[in-house]
Structure formats: C-alpha cells, structure tokens
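*Asks:* Shown below is the structure under consideration.
The values are calculated or read from the model by the stated rules, or taken from the named source; none is laboratory data. Fair warning: this is a prediction, and the values are worked out from it, not measured in the lab. Cβ atoms come from the backbone with ideal geometry, glycine included; neighbour counts cover every protein chain shown.
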Amino acid sequence: MTAALLVPDAPWNRPPPRPSIWARIRAWFVALFGRLFGRRAKTAPKNEGRRISIARLSPDGRTLGPSEFAEALSQLSPEETHDLGERVAGRLQQQGRELERTAEAKRRDAEAQRRRLEEERREAVKRADSGIDRTVREAEERRVDRELRERGFVAERGGELVVTYGLIERFARLLLEEARRTAPTDVRFALQGGAPTGVYEKARLRQSVEIAHLDVSSSLLAARLAGQKHIDESTSYVYREATGESVHVVLGFDRSGSMAEGGKLEAAKKALLALYVAVRRKYPAATIDVLAFENEVKVLDLVELWECKPGAFTNTAEGLGTAYRLLANSRASRREVYFITDGLPEAYTDPLGVVHSGRLDLAMDQALARARELGTLAPLRFSMILLKSDHPEYEAAARAITRTLNGELIVTDPQHLGVELLIRWTRGTETVRRVSSPMPTAVPPRTSSTPGAGRRRRADRRMGG
C-alpha cells in the first residue's frame, strides 16, 4: 500500500518546487552571516524517505486519531482521488503479474527438477534391471557352458570354446527328424533301421537309440572295473543286430564361391548331416566319407563339414577322382556316391598337381574322364543333385557326367535337398520324376529332328518343377 501511494508523479505527492535563484542566493547570504557572527543555521534533517502514517494513537492510548494520511486524503479533490485509485490498482496489478511470473518461473523450475529426478530414477531402475539381467544371463551362460562341457558337446582349444563331434551329431539327428516329417511314408519306415538278420553281437554303445538292447551285467562289470558307481556311455554294452550288408558311402559337395548365394551351402551341409546320421543309424558299421571340392578337395569330419566356408572355383574332376580313390580299395557290398553342386566344372588339376581355372572345355573333359574312371568300380550307385539354376548349360553338363556313370540326376532347390537325398538313399517312392535315362558316354547333340527326342525330353523332366 505504501509503495502504491508513494508514486513520485502523483499530483498530491510531488516534491516541492525547486527554489529560485534569488531564494538560493538569499539562503546563502543568511548562512554566511550566521557563520560570521557565530550563528549556525539549522541543518535540515536528512531525508530518509517520506513516511506517511495511517493513524495516530491518542494520548490515552485507547483510540486512533486522525493522521497526516487521513488529512491528505480528505483534502484530495475527486480527480485526485480517482487518479490515486487508478495508480493504486495499477501498481497492485503490476505486483500481481510479477508475483505470477515469479510463481510460474518457480513452477517451471520445480517441474524441470521433477523431470530430472524422474529421469534419474528411471535410469537407476534401468541400470539395476540391466545389472540383474546381465547377472542372470552370465549365470545362465556359465550353467550352459558347464553342462556342454560335462556332456562333451564343447571343448576348449586355444583359449576358445569349439564344438565337438557329439554336438554336431546331436544337431544332425534333429535335422534328420525334421527331414523325415516331410518325407514319403515308405522313406520314414526305411529309415527306422536295417533289415533283421537274427544274429546279435555284443558291442559298445554307439547311439542312444541302442539303449533298449543294453547288456546290464556286462555294463555293470565294465563300470566297476573302471571305478565308477554308475553306468555311462563309456561303460555301456548293448546287443547289436549284425547286418549282412557292408556299406561305403561318399558324400561330396561343391563349396565354390557360388554356393554361398541363396543359402545353398548351408542347405547342402544340413542335408549331408541328416544323410550321415541316416546311414549310420541303419548301418552302424558303415564307412562314410565326406569330401568338399572347390579348387582343391578336402576330406572332412562332421565338425569340419559344418564349419567349412565357401572357396573358389568348382573342380568337379578332382572331386570325382577323390571319390574313386576312397572307394577303390573298399570291400563294401554297397558303394554309393552322392554329389551336390550348383554349376559347371570350372577348374581342373593337371598331372603336376597345378590347378587351372577358366577353361570350361578342359574342365569338362577332365570331369568326364574322372567319371569314366569312377564308373569302372562295381557295384556303384551314383547320384548327382543339381541345385536349380537359370542356366540350361549347367543341367546339360551335370546330365553328361551322370550318364557317364549310369547314375541319376536330380534337379531341386535348397529347401527340398534333404528330403531328396533321403529318397535316393532309401530308394523310396519319389514324389516327382527324376532325370534318369542311362546313355552312352559320348552324347551327341540333340535336335528336334532326332528320332525319339520328344520321348527323351519327357523322361528328362526336372525334379521340383
């Protein structure tokens, strides 16, 4: 109220006018004579700000009497009273706006601080949750790592964990079961085991499915001799039915650079793992060789099969030559070769062991020569699986190699590769026609005028489309 009333430019509150020059000269002379004659002019009290009292206390201390403020208000004219009211209202509104601005600023600061605290709380909760998740994940990883080590699925090599044969074989069993679900009925029955012979022999446990034929007494004795309290896989003996057929299978696949496209290499590895387990399950004593060919040929175990990477060019001739060397001294009564590829022979190896690429004609000639060499082995069953391509010359080359070996050609896609291999292995019923029309080694070019060309083309319909 006091601040509103003490407005400097209010008419009734304006300071007195400044004295004129003559009044100031006169006051100066009066002060000078006072000092000369020993009289000091009374100094005005220091102006500490104008104060207006609202009321005065009466001498008896019981009532309030009139004050300068009340007298000043009573002497104001209506215009001055109106002006005073407007000034007081304006000042009060200004102070109200300032208070609102101050309150709004404090509210915004409080809201920003609340948001910061909320964000810090969320970050703390997130850090705590992530810490818990990390702890749980690390504990789960340690548990899985310990279990995999105990079961022999992983091993430490060079400070790193690597997969073992046991884990790959378990994975291959799952792949076989997946392929069996989509295979024809006769194929599923054929994959259950070998033909019964009625002759059993006692031997070490090889597969978990043989546990039903466990020789308990021999297994317990082996466990006691090994100092173990319980029977495990290393001390288990089973009665295994002897089969009258010995089997040697060669599984070859193309791992050239083009096999990395469209998931072809992964499909080939999965299909070969499934077929490997199928052969081993039906013929536990079978000999199974896996070879991968590009510029060079490598014979792989199951772990190396799964870990192999794409290479350079397709050296089909060297792959067929390696298959011949693997089967040449085999005494198996059933010898079979399965080759998976996606293209033309692109490379060959000369007699000095140097690999050449880029000469497709020479590479094809070398592949046919190695096919004729492999065809001298008997008995032999050869199957080539060609992954579909938009290039017709790929199928023509595969057909020429297959006919040289009196084998069969299957053209399919990566999704059906596993089932097609199982069908070939079990000699099951095919869902589509296969390319199988044995021809002489030298295949003359076909034209529409060649007698019987239409019949041969119908017999050479591709699988899967």
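*Asks:* For the range 301-314, does any single residue satisfy the condition of being touching a Ser or Thr at 6+ places or on another chain (Cβ under 8 Å), within 23 Å of residue 422 (Cβ to Cβ), modelled with pLDDT under 95 and of a type outside the set (Lys, Arg)?
*Replies:* yes
*Asks:* Identify the single condition in (1) under 25 Å from residue 281 (Cβ atoms); (2) part of a helix (DSSP H, G or I); (3) not β-branched (Val, Ile, Thr) that residue 138 does not satisfy, given that it satisfies every other one.
*Replies:* Exception for residue 138: condition (1).
*Asks:* Shifting gears a bit: Being under 39 Å from the mean Cα position of the chain (by Cα) and either within 29 Å of residue 419 (Cβ to Cβ) or surrounded by fewer than 23 Cβ atoms within 10 Å (Cβ to Cβ) (or both) narrows it down to one of 371, 398, 347, so name that one.
*Replies:* 398
*Asks:* Considering only residues of the range 251-302 that are acidic (Asp, Glu) and within 26 Å of residue 353 (Cβ to Cβ), which is surrounded by the fewest Cβ atoms within 10 Å (Cβ to Cβ)?
*Replies:* Within the range 251-302, the subset acidic (Asp, Glu) is 254, 261, 266, 289, 294, 296, 301.
Next cut, within 26 Å of residue 353 (Cβ to Cβ) only: 254, 289, 294, 296, 301.
On the way: 254: 29, 289: 17, 294: 24, 296: 16, 301: 10.
This residue is 301.
*Asks:* Give the residues of the range 168-205 that are part of a loop (DSSP other than H, G, I, E, B), modelled with pLDDT of 75 or more and either closer than 19 Å to residue 422 by Cβ or β-branched (Val, Ile, Thr) (or both), sorted by residue number.
*Replies:* Applying the first criterion (part of a loop (DSSP other than H, G, I, E, B)) to the range 168-205 yields 183-184, 191-199, 205.
From the residues that got through so far, the ones that are modelled with pLDDT of 75 or more too are 183-184, 191, 205.
Across the range 168-205, the qualifying residues are 183, 184, 191.
*Asks:* Answer yes if at least one residue in the range 125-146 is over 30 Å from residue 303 (Cα atoms) and either over 26 Å from the mean Cα position of the chain (by Cα) or touching a residue at least 12 places away in the same chain (Cβ under 8 Å) (or both), and no otherwise.
*Replies:* For the range 125-146, residues over 30 Å from residue 303 (Cα atoms) and either over 26 Å from the mean Cα position of the chain (by Cα) or touching a residue at least 12 places away in the same chain (Cβ under 8 Å) (or both): present.
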